[in-house]
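Notes follow once the structure below has been shown.
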Amino acid sequence: MIEKPHQALLPPGMVDLLPPEAEFEARTTERLIAAFRRNGYELIKPPLVEFEENLVTGSGAATAAQTFRLMDPDSQRMLAIRADMTLQISRIASSRLSDLPRPLRLSYAGQVLRIKSSNLRPQRQFGQVGAELIGSGAPAADVEIIIMTANSLKDLGITEISIDLGIPTLVNTICGDLGITDEVEKIALRTALNQKDAASISALNAKAASIFSVLLSAVGPVDKSLEMLKKIHLSPQAERELDHLKSVASELKNRAPEISLTVDPVEIRGYEYHSYLTFTIFSKGIRGELGRGGRYISTDSSSSDVGEMATGVTLFVDTLLNSLPNPLTTKRMFVPLGSNKEAIQKFMSEGWIAIAELVHNPNQPKEALRLGCTHILQDGELKKL
């Protein structure tokens, strides 16, 4: 006989967010969206589920392996549950908001669902908060997104922020310049670069070893990295990609010198649909990424248009919550039957949570303590329990 699973059990990677953590997540999300709004980023809300082709074709192919699919009994078409929200923002900007003036500034918040978890993120469902600047190829757009995000994180209480800059297309560009076209060799080369394995690179392609060894040695603080990259003779396309990064780094140093900048010119993991410039956000003492972002081509998967340049950032709410002390106070007052309404409203306007007595209890202080209250309302005033 098959034992029936307990109703309280959840699938792996799924959790119930309980009080007070659920409220803490909501408030943190609201604060980030409010910070983005102050910088002109208007909130939009895409659906959790879309037609499969919207989410897994074109740029969406990068998240296809992490995307849940299901059959829609109404339309009889395959649907997909979003694994990332950036592609949805791109679709909306390229279709529903195509007539609005550029650059277009949008923000979003919502839950995503992924097929697999990771060591750093065991949850398969988690919240994302982000912002996208669509319709500008200028380095100033990347700088705006990065500084706005850093300031928003500081407002939450996160300090010692560092930004790791990357150029995910640089490796492919250099491979093309060197005539490396075999996909098996390119995959092996990318793997060795991700693992920072210079010996394997030399064994794979001696011709490429000299260039990629310099790229590996360029991983680190921004000034040292850019100096090392000067030693490589690059094609015009690769130089344009590097020049974009240099411009962003220079402006960030001028406008936000408190941000620690590093460069990893060979990192491509997680940036499959990005180009030119990417960035990952860290903070000293916090395990894992707070967020990531970068430049990409904003398109609508149903359109044949080339698309428009865009840049954006996605923050991972679960990492943020694990990084911040929960500031929510337990200002809970017990409100006996018949209490003064004006007094109740006064204290609630000051942030007190009112727990109303539903049935008269002869031992109200004891009942208040049982319900987690710290004070009781008596004669229009609060009495500490």
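Please treat every number below as a calculation from the coordinates, not as lab data. Keep in mind that what you see is a predicted model, and the values were worked out from it rather than measured. Here the Cβ is made from the backbone with ideal geometry for all residues, glycine too, and neighbour counts use every protein chain on show.
The charge dipole of the chain, taken about the Cα centre with unit charges on the Cβ atoms of Lys, Arg (+1) and Asp, Glu (-1), comes to about 800 debye, rounded to the nearest 20.
Percent of Cα pairs in segment 332-384 per distance bin of 10 Å, from zero to the largest separation: 28, 62, 11. Listing VAL184, VAL317 from fewest to most neighbouring C-beta atoms within 10 Å gives VAL184, VAL317. Between helix 206-217 and the chain, what is the angle of the helix's C-alpha long axis to the longest principal axis, kept within 0 to 90° and rounded to the nearest 10? Helix 206-217 and the main axis of the chain meet at about 40 degrees.
Helix 139-156 and the longest principal axis of the Cα set of the chain meet at an angle near 30°.
Legend: ranking of residues ASP318, ASP16, ASP197 from fewest to most surrounding C-beta atoms inside 10 Å; resulting order ASP16, ASP197, ASP318. Residue-wise HN-Hα couplings along segment 56-67, as the Karplus relation 6.51 cos²θ - 1.76 cosθ + 1.60 with θ = phi - 60° gives them from phi, are 10, 9, x, 5, x, 4, 5, 10, 4, 5, 9, 9 Hz; Gly and Pro carry x. Judged by the gyration tensor of its Cα atoms, with axes a ≥ b ≥ c, segment 8-62 is oblate; a/c meets the 1.5 cut and b/c is at least as large as a/b. Each helix, a run of at least 4 DSSP H residues, gives -39500 (n - 2.57); summed and divided by the residues of the chain, these come to -11000 deg cm²/dmol at 222 nm. Students often get this wrong, so check it: of LYS154/LYS230; LYS116/LYS224; LYS196/LYS246, which have C-alpha atoms separated by over 31 Å? Those over the limit are LYS154/LYS230; LYS116/LYS224. Taking log10 I(q)/I(0) by the Debye sum over Cα atoms at q = 0.07, 0.13, 0.15 Å⁻¹ as the quantity of interest, determine which of (i) -0.54, -1.01, -1.13; (ii) -0.32, -1.14, -1.48; (iii) -0.43, -1.13, -1.36 was computed from the displayed structure. Read-out from the structure maps to (iii). Largest GNM mean-square fluctuation across GLN128, GLN237, GLN88, computed for the chain with C-alpha springs under 10 Å, falls on GLN237. Checking the cross-link filter: which aspartates and glutamates have an alpha carbon closer than 15 Å to that of LYS186, excluding same-chain neighbours under 8 positions apart? By straight Cα distance, LYS186 reaches ASP177, ASP197, GLU267, GLU272.
Taking 7 Å steps out from each Cα toward its Cβ at LEU17 and ALA256 produces label points 2.4 nm apart. Derived scalar couplings between HN and Hα for segment 106-123 equal 10, 10, 7, 8, x, 8, 10, 10, 10, 5, 10, 9, 9, 5, 7, 10, x, 7 Hz in order, rounded to whole Hz, by the Karplus curve 6.51 cos²θ - 1.76 cosθ + 1.60 (θ = phi - 60°), x for Gly and Pro. Among residues other than GLY110 with Cβ under 11 Å from its Cβ, the summed charge is +1 (Lys and Arg +1, Asp and Glu -1).
Whole-Hz Karplus values for segment 172-179 come out as 5, 4, 5, 4, x, 5, 8, x Hz, taken residue by residue from phi with 6.51 cos²θ - 1.76 cosθ + 1.60 and θ = phi - 60°; glycine and proline positions read x.
In a simple Cβ point-charge model (Lys, Arg +1; Asp, Glu -1; nothing else charged), segment 332-384 has a dipole of about 180 debye relative to its Cα centre. Between ASP99 and LYS230, the C-beta separation translates, for a Förster distance of 51 Å, into a calculated FRET efficiency of about 0.70. For segment 75-119, a simple Cβ point-charge model (Lys and Arg +1, Asp and Glu -1, everything else neutral) yields a dipole of about 80 debye relative to the Cα centre. What separates the Cα centres of segment 207-249 and segment 21-74 is a distance of 34 Å. Within the shell defined by Cβ-Cβ distances under 15 Å, the residues around ASN361 carry a net charge of 0, with Lys and Arg each +1 and Asp and Glu each -1. Toward the positive end of the charge dipole of the chain, with +1 on the Cβ of Lys and Arg and -1 on the Cβ of Asp and Glu, the farthest Cα among THR57, VAL219, LEU234 is that of VAL219. Listed by Cβ neighbour count within 10 Å, with the fewest neighbours leading, ASP142, ASP264, ASP177 appear as ASP177, ASP264, ASP142.
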